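The values are calculated or read from the model by the stated rules, or taken from the named source; none is laboratory data. Given the structure is predicted, the values throughout are model-derived calculations rather than measurements. Backbone-built Cβ (ideal geometry, glycine too); neighbour counts: all protein chains shown.
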Amino acid sequence: MMNSKLLLVLFLLFLVLFKTVLSDAEIRRKPATNEVLAIGTAPIVSGNLALAKKSAISRALMKGVENYLVHRLGSQGVVNNFQRFIEEIIPGAKEEIENFNILTETQIGNEYKVLVRLKVNEKIIDKKLREAGLIFMEGPPIKVLFLVSEVKDETIFYWWKEPEVHSALSPTELALNKVFQKRGFSSINRPLSVPVTEFSKALRSPNLEEADVLKWGKLFSSDVVIYGQANIVDEKEVSLTLNAFDVNQGLQIGQDFQVEQIEKGLEANEQIIETLERLVDDLADRLTPTIVRTVRFDHEKVHQFEITLKDLDSLKRFRIFRDFLRRDVVGVKSVRQTRVRKNSISIAIEFQGERNGFLDSVLNHENLPFPLNVVQTKEGEILLSIE
């Protein structure tokens with residue numbers, strides 16, 4: 001009988017020690033990238049420890065998810081998208097916890113505290129963040145061109161009236177560039193990027209047709225065009241209209257409008273600039289999710305087109321270029337030779353993305369085997385000449 005009791009006591013001691021060792025190892029273990037530590041605290045009401053513990057765990061899990069998302073987006077990302085972050089992401093994010101462990105717990109006075117390590121499902125959370133437009137696609141940033149006129153004292157300024165002049169950016173353009181770059185877009189530097197071509201009367205109009213907006217986007221090789229107008233009324237208020245166009249798909253994907261009162265207390269120009277930035281920030285906050293979703297979807301589609309490599313002096317150079325496409329250019333799914341002529345070879349390409357993205361990836365690649373010039377681009381075909 002004594003031996004049985006002794007064995008039971010030793011067994012219980014072993015369990016306690018084993019649990020302690022495991023807990024210590026769990027605490028010392030370095031968290032994975034999708035793991036977070038969080039402390040939850042809850043009051044003990046009417047001596048109900050079980051309810052207090054349950055509440056403390058729930059609060060720890062919510063705090064852990066919030067900490068993960070703040071780290072994932074960065075402080076600036078949360079600040080820029082705080083309302084959407086609170087309303088669309090946080091409420092359902094707790095459901096994406098894969099599992100959690102209570103590392104330690106204690107009672108301090110009338111409060112119950114727990115320390116938990118939780119593991120989140122990164123893939124599902126990333127999907128939700130992308131759908132909300134809070135994080136951007138992998139690869140190059142979305143290139144955006146601004147066609148936004150500015151009306152002040154009944155005088156209208158718009159740079160595309162005389163694109164050859166290379167005029168300075170207006171306060172509205174400065175605000176647009178600042179806000180959209182902060183969100184991860186690549187703003188086209190239009191004074192330094194104006195193409196050498198003839199501009200029709202329709203392209204110089206202050207009120208552009210949709211086809212002309214899209215043509216401007218193609219001339220600058222942009223992914224998106226933001227077209228609209230800012231109206232500054234008697235230095236009292238500013239109204240701003242923005243319309244977003246997807247250049248590659250040739251369609252309008254968003255529009256928004258807002259009016260903001262100009263706050264007093266600063267110099268007139270400073271008041272206007274601050275008001276414009278607030279307006280652009282609010283409109284960009286609402287337009288960005290749609291832009292990101294639409295452009296990302298188009299970038300992820302596999303497109304087929306043809307390349308003709310001209311001025312070839314040997315078959316070896318073609319093979320070098322073909323191997324470069326297959327090995328080094330991200331997004332290329334297949335490369336297939338289609339036609340051979342005297343000094344040119346055509347290739348059928350399957351690429352995850354649109355043609356402009358493919359050209360950017362090839363022509364700006366650090367491992368491009370030899371210099372190339374774009375001779376001409378037609379619907380479904382790209383002509384490249386070897387220098």
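Across the range 184-191, not a single residue is classified as charged (D, E, K, R), in the same structural domain as THR294 (by TED's automatic domain parsing) and modelled with pLDDT of 90 or more. Among the conditions (1) buried (at least 16 other Cβ atoms within 10 Å of the Cβ); (2) in a helix (DSSP H, G or I); (3) within 28 Å of the chain's Cα centre (by Cα), the only one that ILE253 does not satisfy is (2). For the range 258-274, the candidate set comprises residues that are touching a residue at least 12 places away in the same chain (Cβ under 8 Å), more than 23 Å from SER186 (Cα to Cα) and not in a loop (DSSP other than H, G, I, E, B); within that set, the residue that is farthest from the chain's Cα centre (by Cα) is ALA268.
Residue-by-condition table, conditions (1) of a type in the set (S, T, N, Q); (2) more than 17 Å from LEU312 (Cβ to Cβ):
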site	(1), (2)
ASP323	no, no
LYS342	no, no
SER346	yes, no
GLU366	no, yes
PRO369	no, no
LEU383	no, no
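Against the test of being modelled with pLDDT under 95, closer than 30 Å to SER58 by Cβ and in a helix (DSSP H, G or I), the options LYS119, LYS113, LYS123, LYS178 yield a single qualifying residue, LYS123. With respect to the conditions (1) at pLDDT 85 or above; (2) over 31 Å from the mean Cα position of the chain (by Cα); (3) crowded, with 17+ Cβ neighbours inside 10 Å, THR338 falls short on a single one, namely (3).
The set of residues in the range 80-101 being under 15 Å from the mean Cα position of the chain (by Cα) and part of a helix (DSSP H, G or I) consists of ASN80, ARG84, PHE85. Given the conditions (1) touching a strand residue (DSSP E or B) at 6+ places or on another chain (Cβ under 9 Å); (2) of a type in the set (S, T, N, Q); (3) at pLDDT below 85; (4) more than 30 Å from LYS215 (Cβ to Cβ), report the number of the one that SER314 does not fulfil. Failed condition: (1).
For HIS303, state whether it is at pLDDT below 85, part of a strand (DSSP E or B) and buried (at least 19 other Cβ atoms within 10 Å of the Cβ). For HIS303, the condition - at pLDDT below 85, part of a strand (DSSP E or B) and buried (at least 19 other Cβ atoms within 10 Å of the Cβ) - is met.
Taken together, the residues in the range 192-226 that are among the aliphatic types (A, V, I, L, M), part of a loop (DSSP other than H, G, I, E, B) and either touching a residue at least 12 places away in the same chain (Cβ under 8 Å) or within 14 Å of LYS161 (Cα to Cα) (or both) amount to 2. Scan the range 370-383 and tell me whether some residue there is within 20 Å of LEU145 (Cβ to Cβ), surrounded by 15 or more Cβ atoms within 10 Å (Cβ to Cβ) and not small (Gly, Ala, Ser). Yes, some residue in the range 370-383 is within 20 Å of LEU145 (Cβ to Cβ), surrounded by 15 or more Cβ atoms within 10 Å (Cβ to Cβ) and not small (Gly, Ala, Ser).
Checking each residue in the range 138-153 for being assigned to a loop (DSSP other than H, G, I, E, B) and over 22 Å from GLU274 (Cβ atoms) picks out GLU138, GLY139, PRO140, PRO141, ILE142. From the list VAL335, VAL330, the one residue that fits, being part of a loop (DSSP other than H, G, I, E, B), touching a helix residue (DSSP H, G or I) at 6+ places or on another chain (Cβ under 8 Å) and not assigned by TED's automatic domain parsing to the domain that holds PHE257, is VAL330.
Would you be able to tell me the number of residues in the range 83-127 that are within 27 Å of SER46 (Cβ to Cβ), crowded, with 17+ Cβ neighbours inside 10 Å and of a type in the set (Val, Ile, Thr)? Residues flagged as within 27 Å of SER46 (Cβ to Cβ), crowded, with 17+ Cβ neighbours inside 10 Å and of a type in the set (Val, Ile, Thr) within the range 83-127 amount to 2. The number of residues in the range 154-169 that are assigned to a loop (DSSP other than H, G, I, E, B) and free of Cβ contacts under 8 Å to residues at least 40 places away in the same chain comes to 5. Every test in (1) within 15 Å of VAL302 (Cβ to Cβ); (2) part of a loop (DSSP other than H, G, I, E, B) is passed by GLU366 save one, and that test is (1). Taking the conditions (1) crowded, with 18+ Cβ neighbours inside 10 Å; (2) within 21 Å of PHE220 (Cα to Cα); (3) without any contact (Cβ under 8 Å) to a residue 24 or more places away in the chain in turn, VAL295 satisfies each one other than (3).
Across the range 230-246, the number of residues qualifying as touching a Phe, Trp or Tyr at 6+ places or on another chain (Cβ under 9 Å) and under 29 Å from GLY357 (Cα atoms) comes to 5.
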